[in-house]
Amino acid sequence: MSYNSSVIRNGRITMGLAIIANFIPAIYVGFAYDVMPPIGVLFQIWGVVAASYGITWIIQPIAYYPTMGTAGSYIGWLAGSCGDIRMPAAAMAQKVARVEAGTHEGDVIGTIGVACSVLVSASMVTLFVLIGTQVIPLLPEFITESFSYILPALFGAIFVDNARKNLKAGILTLVCGMLILHFGTMIGINSGILTLLIVVLGILITRVFFVADKKKAAKE
């Protein structure tokens, strides 16, 4: 059995068990305290969540897979916080190890980065749950307000780091993404659809430059 086949088999098992485990507290509360909401209400809530976040169920796995790899993706989705913690950790691990995303070496290093991020974040979350609620209220307001800019800054840094590998593709993707965002917002396109369009456009632009560079190298 190949490495990826083994990872997929084990990943399906662990993800399936995690899905079942997610329902155990709600089922317990429902049977123990008789507070289970009607099925219709559950589907309504699911519909609201799907309308708000459903597009990310498609975008994020496609966008993050080249960096996180197969095993890293399973670990990341199981642990959560893929966008703001797992994917940046995998990208930084590959940068430090000087390996390329999408290669066998990149998959291994990305998986190690994701696994380490789970260990660190679980430890830090436990620590901050114990002491953070008492420390954060003591911080100045301008510091607590700046927390909302952490994620955009993090993704901006990752984009710049990857765009340096091909400045033309990076700049063109950024410009086209801004145009899509500007005009798409003007005509009222859903933000999730806009994000999907920008991701797909970035893939296509990168592919065009890759093929062009490959043909140029073949001629030389």
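The values are calculated or read from the model by the stated rules, or taken from the named source; none is laboratory data. Computed from a prediction, not measured in an experiment: that's the story for all the values here. Glycine gets a Cβ as well: all are built from the backbone with ideal geometry, and neighbour counts include every protein chain shown.
Condition check ((1) at pLDDT 85 or above; (2) surrounded by 11 or more Cβ atoms within 10 Å (Cβ to Cβ)) across all residues:
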residue: I112; (1), (2): yes, yes
residue: P152; (1), (2): no, no
residue: I158; (1), (2): no, yes
residue: D161; (1), (2): no, yes
residue: M178; (1), (2): yes, yes
residue: L181; (1), (2): no, yes
residue: T195; (1), (2): no, yes
residue: T206; (1), (2): no, yes
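Return a yes/no flag: does segment 30-47 have any residue that is on the phi > 0 side of the Ramachandran plot and in a helix (DSSP H, G or I).
Checked against the condition, which is being on the phi > 0 side of the Ramachandran plot and in a helix (DSSP H, G or I), segment 30-47 yields no hits at all.
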**OP:** Search segment 163-176 for residues being at pLDDT below 80 and surrounded by 14 or more Cβ atoms within 10 Å (Cβ to Cβ), and hand back the single one that is nearest to T67 (Cα to Cα).
**Re:** A163
Subject >> Residue pairs meeting the criteria (Cβ under 8 Å; at least 6 apart or on separate chains; first farther than 14 Å from M92 by Cβ and touching a residue at least 12 places away in the same chain (Cβ under 8 Å), in segment 103-124; second of a type outside the set (A, V, I, L, M) and crowded, with 19+ Cβ neighbours inside 10 Å) >> reply: D107/G69; D107/G72; V108/G69; V118/R86
Original post:
What tally of residues in segment 165-187 results from selecting those that are hydrophobic (A, V, I, L, M, F, W, C) and in contact (Cβ under 8 Å) with a residue 24 or more places away in the chain?
Top reply: 3
Subject >> So T56, is it hydroxyl-bearing (S, T, Y) and more than 30 Å from L196 (Cβ to Cβ) >> reply: no
Subject >> Single residue of Q94, Q60 found to be in contact with a Gly (Cβ under 6 Å, 6 or more places away or on another chain) and of a type in the set (S, T, N, Q) >> reply: Q94
Subject >> helices (runs of 4 or more DSSP H) fully within segment 135-203 counting 2 or more residues that are more than 23 Å from A91 (Cα to Cα), among the hydrophobic types (A, V, I, L, M, F, W, C) and under 22 Å from the mean Cα position of the chain (by Cα) >> reply: 167-186
